[in-house]
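Enquirer: Submitted below is the structure of interest, expressed as structure tokens.
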Amino acid sequence: MQLDKLIDDLKEFKKPDYLVKEFYEEYCNLNNREYDGGFEKLVDFSFTTALKTSSDTITHTETITFNGFKLQKFKSKTKLVINEFEKLTELERNNICQHFILRLKEVLKDFFKDPEFKQYIVELNTAIEKLTDDYLNFKNKNTKNNSFKYKDGTKYNRIRTIFNVLKKEKLIDEQTELLDFEYVFQNKPIEKLIQWIGTTSELKYFIQIINTSEFEFEDNGDQKWRIAVKCFLKIKERSIEKINSKDLRTYKVTEATKVKMNSLIVNKYFTKHLQTEKSRQ
């Protein structure tokens with residue numbers, strides 16, 4: 001498949017002499033030298049352009065490095081991968097999307113081994129995020145989930161307890177009504193978003209908690225971030241923009257957050273519950 005070949009080509013950029021010949025050819029073209037098919041290894045080269053005005057001629061000299069040339073070619077190749085992917089039908093894209101995400105992650109892992117390829121890693125991460133968003137958008141169209149779901153509806157006192165903890169710890173707005181909060185766990189369309197006033201790290205970890213099947217929540221997998229923004233409203237700390245599903249998915253949860261949320265919720269209300277259930281078996 002053409003896309004597989006393009007991704008294989010990305011791996012070639014790790015080779016020190018890859019594109020050496022093409023760089024020499026570029027040197028010849030920009031300096032008006034005849035290219036005879038041979039080449040020599042250049043670290044960089046300069047070329048001069050002239051702009052004639054009515055009264056004078058202005059010259060400009062520019063230097064191109066081999067590393068810069070190589071990086072630009074890598075960016076172009078990465079964009080070509082995305083462009084070729086987008087030429088496929090929606091059904092084709094989403095049938096093979098996960099495959100290509102894995103292929104790109106393999107390339108990314110290889111580049112991570114060498115710190116000099118930091119800028120290449122940025123380009124690869126951008127491509128992976130684009131493919132991931134496309135895949136999640138497709139899955140989101142086909143999900144019936146409007147919100148999260150607590151499986152055991154007979155134990156809703158636990159949801160009420162969590163609600164009280166979140167309000168007491170100022171993680172959700174103090175004006176939040178219990179009924180609105182309970183809707184979040186009933187797979188119902190949410191009319192009134194729950195305003196999260198804790199940190200983004202705390203919100204992300206809370207979403208992970210309420211997608212843990214061991215705690216009797218339905219696990220929504222990759223869709224949980226899109227469902228989260230249907231239920232919770234969180235404003236970015238340095239702007240007035242709302243947190244979106246991509247922000248949540250890519251945000252890094254801090255160790256301090258894990259300790260805090262585990263202490264407030266997991267250890268107190270779920271770990272003890274699991275221990276009790278096991279003792280009954």
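The values are calculated or read from the model by the stated rules, or taken from the named source; none is laboratory data. All figures in this text were calculated on a predicted structure; none of them were measured in a lab. When we count neighbours, we look across all protein chains shown, and the Cβ atoms used for this are built from the backbone with ideal geometry, even at glycine. Each accessible area value is taken on the protein alone, full model and side chains, heavy atoms only, with ligands, DNA and RNA left out. Shrake-Rupley method; radii C 1.70, N 1.55, O 1.52, S 1.80 Å.
Enquirer: Can you tell me which residue within segment 77-106, out of those that are of a type in the set (Val, Ile, Thr) and modelled with pLDDT under 90, is most open to solvent (accessible area, probe 1.4 Å)? Quick ask: steps written out before the conclusion?
Expert: Applying the first criterion (of a type in the set (Val, Ile, Thr)) to segment 77-106 yields 78, 81-82, 89, 96, 101.
Restricting the remaining residues to those that are modelled with pLDDT under 90 gives 81-82, 89, 96, 101.
Values: 81: 7, 82: 24, 89: 76, 96: 40, 101: 17 Å².
Across segment 77-106, the extreme among qualifying residues is 89.
Enquirer: Looking at residue 35 and the list (1) assigned to a loop (DSSP other than H, G, I, E, B); (2) in contact (Cβ under 8 Å) with a residue 12 or more places away in the chain, which single condition is not satisfied?
Expert: For residue 35, the failing item is (2).
Enquirer: Restricted to segment 1-32, and to residues that are without any contact (Cβ under 8 Å) to a residue 24 or more places away in the chain and among the acidic types (Asp, Glu), which residue is farthest from residue 78 (Cα to Cα)?
Expert: Looking at residues that are without any contact (Cβ under 8 Å) to a residue 24 or more places away in the chain and among the acidic types (Asp, Glu), I get 25.
Enquirer: Same structure again: Kindly provide the set of residues from segment 3-41 that are loosely packed, with under 11 Cβ neighbours inside 10 Å and under 25 Å from the mean Cα position of the chain (by Cα), ordered by number.
Expert: Scanning segment 3-41 gives a single hit, 5.
Enquirer: Here is a follow-up. With respect to residue 237, determine if the residue is free of Cβ contacts under 8 Å to residues at least 12 places away in the same chain, surrounded by fewer than 15 Cβ atoms within 10 Å (Cβ to Cβ) and more than 21 Å from residue 269 (Cβ to Cβ).
Expert: Judged against the criteria, residue 237 is not a match.
Enquirer: Given the condition over 30 Å from residue 15 (Cβ atoms) and either modelled with pLDDT of 95 or more or within 23 Å of the chain's Cα centre (by Cα) (or both), answer yes or no: does some residue in segment 113-130 qualify?
Expert: no
Enquirer: Scan segment 38-52 for residues that are part of a loop (DSSP other than H, G, I, E, B) and either closer than 10 Å to residue 62 by Cβ or small (Gly, Ala, Ser) (or both) and jot them down.
Expert: Once the filter is applied, which keeps residues that are part of a loop (DSSP other than H, G, I, E, B) and either closer than 10 Å to residue 62 by Cβ or small (Gly, Ala, Ser) (or both), segment 38-52 yields only 38.
Enquirer: Let me ask something else. Is segment 63-72 home to any residue that is out of contact with any strand residue (DSSP E or B) (no Cβ under 6 Å at 6 or more places or on another chain), within 30 Å of residue 131 (Cα to Cα) and either hydroxyl-bearing (Ser, Thr, Tyr) or open to solvent by 60 Å² or more (accessible area, probe 1.4 Å) (or both)?
Expert: Scanning segment 63-72 turns up at least one residue that is out of contact with any strand residue (DSSP E or B) (no Cβ under 6 Å at 6 or more places or on another chain), within 30 Å of residue 131 (Cα to Cα) and either hydroxyl-bearing (Ser, Thr, Tyr) or open to solvent by 60 Å² or more (accessible area, probe 1.4 Å) (or both).
Enquirer: Considering segment 42-70 alone, what residues qualify as being within 30 Å of residue 106 (Cβ to Cβ) and either over 35 Å from the mean Cα position of the chain (by Cα) or among the small types (Gly, Ala, Ser) (or both)?
Expert: Listed by number, the list holds a single entry, 68.
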